[in-house]
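Asks: So that we are looking at the same thing, I have put the structure below in structure tokens.
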Amino acid sequence: MAIETTADPLAGQTKKARQLLVSSSRHSYDPRLDIDWDAPLVEGKWFLPEKRCTLYSTPIWDTLTLEQKIVSSREEMASSIGLGVWTEHMLLHMVSRYIYDRNVATPQVQFALTEVADEVRHMIMFANVVEKMGSEVYLTPWRIRESGRLLKSVVPVAALWALILLTEEIFDQIQREVAADETVQPLVRTMSRIHVVEEARHISFARTELERFVPQLSKARLSALRTLLALSIQTFSQEFFNPLMYSRAGLPASARKEAVANPYVRETFSSAAERITTYYRSLGLIGGSSARIWRKAGFLKADSRD
Ligand SMILES: [Fe+2]
Ligand SMILES: [Fe+2]
């Protein structure tokens with residue numbers, strides 16, 4: 001008698017989730033124990049690599065003392081950590097929604113739960129690092145808070161993984177650079193290293209899920225997702241230049257204008273986004289008019305094709 005076999009369409013995802021669960025058990029951190037919170041800051045070290053500061057090479061930058069530049073790098077790092085905290089909170093809400101309708105006994109859902117736990121630790125780590133740096137937590141501007149409130153509750157699953165991957169990939173690229181840079185404060189480098197290790201698993205899982213969901217989208221839904229991603233990156237590029245980070249660093253209001261026009265910032269954006277934009281093009285998540293929005297926001301190189 002022939003034995004009936006049915007191929008499991010989720011076998012690939014199940015295997016990947018199992019591997020990631022093992023890796024999570026072996027290589028996770030508790031920042032409360034794995035960061036030396038008693039170590040003093042190192043004098044003369046940056047909080048962000050100098051060439052990644054938004055004012056680097058602008059006329060105002062050359063008028064600042066080294067100390068002022070370092071304070072400015074501290075406020076920029078604190079501001080981007082503030083954005084990071086909001087992003088992590090959005091992600092853990094969205095991953096919880098993915099969990100809600102699924103079977104908790106599956107490796108996929110168990111990894112998603114692990115991811116939520118990781119993000120909770122990251123949010124607390126980020127807040128403590130900002131305090132230790134001698135800065136204050138940057139609260140999310142209300143426009144972003146309000147649009148996020150809706151977004152995290154209504155986006156469909158494919159969009160959820162696409163948004164998660166977008167933010168994780170961009171932060172990942174910058175944090176890899178920060179972790180490797182010896183001119184940067186050890187505290188910030190350790191935070192970045194911890195985050196890079198744990199986020200690598202989230203990125204891997206998001207890619208696996210996305211590659212399953214995107215081919216199932218209708219033309220109209222794919223186009224809507226392209227638009228959502230492009231508008232998200234446009235909003236990110238606008239909110240990135242928080243006026244408060246310049247005023248807290250003691251800089252005049254004109255500093256923000258110089259930063260927005262700074263070609264080095266566009267270079268930072270496009271190099272941080274290179275891996276995700278290449279990947280999204282391959283999936284059809286960037287193209288046509290949406291590519292123009294990505295380019296205008298600085299996240300696609302000016303000479304890239306549509
Ligand atoms: Fe995280
Ligand atoms: Fe993550």
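The values are calculated or read from the model by the stated rules, or taken from the named source; none is laboratory data. In this text the structure is predicted, and so the values were computed from the model without any measurement. Backbone-built Cβ (ideal geometry, glycine too); neighbour counts: all protein chains shown.
Asks: Spot the failing condition for V116; the list is (1) crowded, with 21+ Cβ neighbours inside 10 Å; (2) within 16 Å of ligand 1 (Cβ to nearest atom); (3) modelled with pLDDT of 95 or more, and only one is missed.
Replies: (1)
Asks: Now a separate question. Restricting to region 108-136, and then to whatever is within 12 Å of ligand 2 (Cβ to nearest atom) and of a type in the set (D, E, K, R), can you tell me which residue is farthest from P40 (Cα to Cα)?
Replies: E115
Asks: Taking E119, is it charged (D, E, K, R) and touching a Leu at 6+ places or on another chain (Cβ under 6 Å)? Give the derivation first.
Replies: Numbers: charged (D, E, K, R): yes; touching a Leu at 6+ places or on another chain (Cβ under 6 Å): yes.
The answer is yes for E119.
Asks: Looking at region 173-184 only, could you name the residues that are more than 16 Å from V129 (Cα to Cα) and within 16 Å of ligand 1 (Cβ to nearest atom)?
Replies: The first filter runs over region 173-184 and keeps only residues more than 16 Å from V129 (Cα to Cα), leaving 173-174, 176-177, 180-183.
Listed by number, the residues that qualify are Q173, I174, R176.
Asks: Further question on the same structure: Being away from ligand 2 (no atom under 16 Å from the Cβ), in contact (Cβ under 8 Å) with a residue 24 or more places away in the chain and closer than 19 Å to Y29 by Cα is the requirement here; does V178 meet it?
Replies: On the way: away from ligand 2 (no atom under 16 Å from the Cβ): yes; in contact (Cβ under 8 Å) with a residue 24 or more places away in the chain: yes; closer than 19 Å to Y29 by Cα: yes.
Yes; evaluated as a whole, the condition is true for this residue.
Asks: For L41, are the conditions met, namely being modelled with pLDDT of 95 or more and touching a Gly at 6+ places or on another chain (Cβ under 8 Å)? It would help to see each step written out before you state the result.
Replies: Details: modelled with pLDDT of 95 or more: yes; touching a Gly at 6+ places or on another chain (Cβ under 8 Å): yes.
Taking the combined requirement at face value, the residue satisfies it.
Asks: May I pose another question? When you check T277 against the structure, is it over 25 Å from R212 (Cα atoms) and either in a helix (DSSP H, G or I) or charged (D, E, K, R) (or both), yes or no? If you could, list the steps in order and put the result at the bottom.
Replies: Values: over 25 Å from R212 (Cα atoms): no; either in a helix (DSSP H, G or I) or charged (D, E, K, R) (or both): yes.
When the stated conditions are applied, T277 does not pass them.
Asks: Here's a follow-up. With (1) closer than 28 Å to F213 by Cα; (2) crowded, with 22+ Cβ neighbours inside 10 Å; (3) over 20 Å from the mean Cα position of the chain (by Cα) as the list, and L285 as the residue in question, which single condition is left unmet?
Replies: Only one criterion is unmet by L285, namely (3).
Asks: Also: Do you know which of the residues in region 185-233 that are closer than 25 Å to I174 by Cβ and without any contact (Cβ under 8 Å) to a residue 24 or more places away in the chain is nearest to ligand 1 (Cβ to nearest atom)? Reasoning before the result, please.
Replies: Quick first cut of region 185-233, residues closer than 25 Å to I174 by Cβ only: 185-211, 225-226, 228-233.
The next check asks that each one be without any contact (Cβ under 8 Å) to a residue 24 or more places away in the chain; those that pass are 189, 192-193.
Numbers: R189: 16, S192: 11, R193: 13 Å.
Result: S192.
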